[in-house]
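Below is one structure, written out as structure tokens, with a few remarks after it.
The values are calculated or read from the model by the stated rules, or taken from the named source; none is laboratory data. The model shown is predicted, which means the values in this text are computed figures rather than measured ones. Every residue, glycine among them, receives a Cβ derived from its backbone with ideal geometry; neighbour counts consider all protein chains shown.
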Amino acid sequence: MATLRALEELTDAGAQVSVHVTDLDNGSDVLVGDDHITMPIAGLGIVPLLIEVAAGFDSGSLDPLELVDRSSTEDVTGAGIWRNLWAPTLPLGDLAVLAATAGDPIAVNALLQRVGHERVSNLIAALGLTHTALLDRFRDRRGPDDAPHVAVGTTRELARLFSALVNSKAVDAAVSAQVSEWLSLNHDLSLVAASTGLDPFAHDHDEHGLLFINKTGRDRGVRAEAGVLAGPRAGIAYAMIVCFDDLSITHRLRAHDAFRVLGLELMEYAH
């Protein structure tokens, strides 16, 4: 299996790797490797926040049209779209779209500030995710008093979470559908999804019968992705995390290549 060879090469180069792939139809494990190890997952960890936001919209405890002022949230200058937009205020519903499609850090921080860590932690527990946590907001710098990572998780739990989303079991059918819709708009198709040939900006209704939702996480020395890929032959939920020494572009590209090799094999399995 090409994926196993690529992951072995990463491990031999000093990287820490975790992967879990599950067949959605029969629940069998397709590929498993150190899937029980808790690792940093960066922005991938906002998926439970999106689920809590969608649940709030569905129950009426949150209004998707409630306006949030950008100045009410500490600025994050390293990435994102909202910081480059003219609009200083956006509704919660639009912030959820920005968070899902672009991992916008200011949008994520604004949603987390509005919802609160406690509600997200309670949801994570209710979903049965015992080794997954959203630890902190996005920051330009992490000091000694800050959490060392935005989020942590295991590939086993993350693959299971995405399986629950497409099977309408993440809270309920309406919440699962809303979060799946947001994630189907994700623009980051550069890792596993690079092998799908999908348009990063319009892949929610693929003409070749591919169903694909995903979320990625990126930090220095961290690449993570989880999602669902379904085609004419099969459907799979997957998650992969690679932690590596980001000492050169070669180290980074080696990690990215492993995700793309996994993507090729997932495409062969599903399509």
Glu181 surrounded by fewer than 16 Cβ atoms within 10 Å (Cβ to Cβ), part of a helix (DSSP H, G or I) and without any contact (Cβ under 8 Å) to a residue 60 or more places away in the chain | yes
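Rundown of residues vs (1) more than 16 Å from Arg156 (Cβ to Cβ); (2) touching a residue at least 12 places away in the same chain (Cβ under 8 Å); (3) in contact with a helix residue (DSSP H, G or I) (Cβ under 9 Å, 6 or more places away or on another chain), yes/no style:
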{"residue": "Gly231", "(1), (2), (3)": "yes, yes, yes"}
{"residue": "Ala234", "(1), (2), (3)": "yes, yes, yes"}
{"residue": "Met240", "(1), (2), (3)": "no, yes, yes"}
{"residue": "Thr250", "(1), (2), (3)": "yes, no, no"}
{"residue": "Leu253", "(1), (2), (3)": "yes, no, no"}
{"residue": "Asp257", "(1), (2), (3)": "yes, yes, yes"}
{"residue": "Gly263", "(1), (2), (3)": "yes, yes, yes"}
{"residue": "Glu268", "(1), (2), (3)": "yes, no, no"}
Given the conditions (1) at pLDDT 95 or above; (2) over 19 Å from Leu4 (Cβ atoms); (3) among the charged types (D, E, K, R), report the number of the one that Arg223 does not fulfil.
-> (2)
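To keep it simple, each residue is scored yes or no on (1) in contact with a Lys or Arg (Cβ under 9 Å, 6 or more places away or on another chain); (2) of a type in the set (A, V, I, L, M).
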position: Thr101; (1), (2): no, no
position: Pro105; (1), (2): yes, no
position: Gln113; (1), (2): yes, no
position: Arg119; (1), (2): no, no
position: Ala125; (1), (2): no, yes
position: Thr132; (1), (2): no, no
position: Asp136; (1), (2): yes, no
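State yes or no: is Leu229 farther than 14 Å from Leu44 by Cβ, at pLDDT 95 or above and in a strand (DSSP E or B)?
On the way: farther than 14 Å from Leu44 by Cβ: yes; at pLDDT 95 or above: yes; in a strand (DSSP E or B): yes.
Taking the combined requirement at face value, the residue satisfies it.
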Answer with yes or no whether Ser190 is closer than 22 Å to Leu95 by Cβ, hydroxyl-bearing (Ser, Thr, Tyr) and in contact with a His (Cβ under 9 Å, 6 or more places away or on another chain).
-> no
Just for the stretch 1-31: of the residues that are surrounded by 20 or more Cβ atoms within 10 Å (Cβ to Cβ) and of a type in the set (Ser, Thr, Tyr), which one is farthest from the chain's Cα centre (by Cα)?
-> Thr3
Could you grab me the full set of residues in the stretch 74-127 that are surrounded by 18 or more Cβ atoms within 10 Å (Cβ to Cβ), assigned to a helix (DSSP H, G or I), free of Cβ contacts under 8 Å to residues at least 60 places away in the same chain and in contact with a strand residue (DSSP E or B) (Cβ under 8 Å, 6 or more places away or on another chain)?
-> Trp82, Leu92, Leu95, Leu98, Ala107, Ala110
Would you pick out the residues in the stretch 209-257 that are buried (at least 18 other Cβ atoms within 10 Å of the Cβ) and β-branched (Val, Ile, Thr)?
-> Ile213, Thr216, Val222, Val228, Ile236, Ile241, Val242
Answer yes if at least one residue in the stretch 185-198 is at pLDDT 90 or above, hydroxyl-bearing (Ser, Thr, Tyr), touching a helix residue (DSSP H, G or I) at 6+ places or on another chain (Cβ under 6 Å) and under 18 Å from Ile46 (Cβ atoms), and no otherwise.
-> no
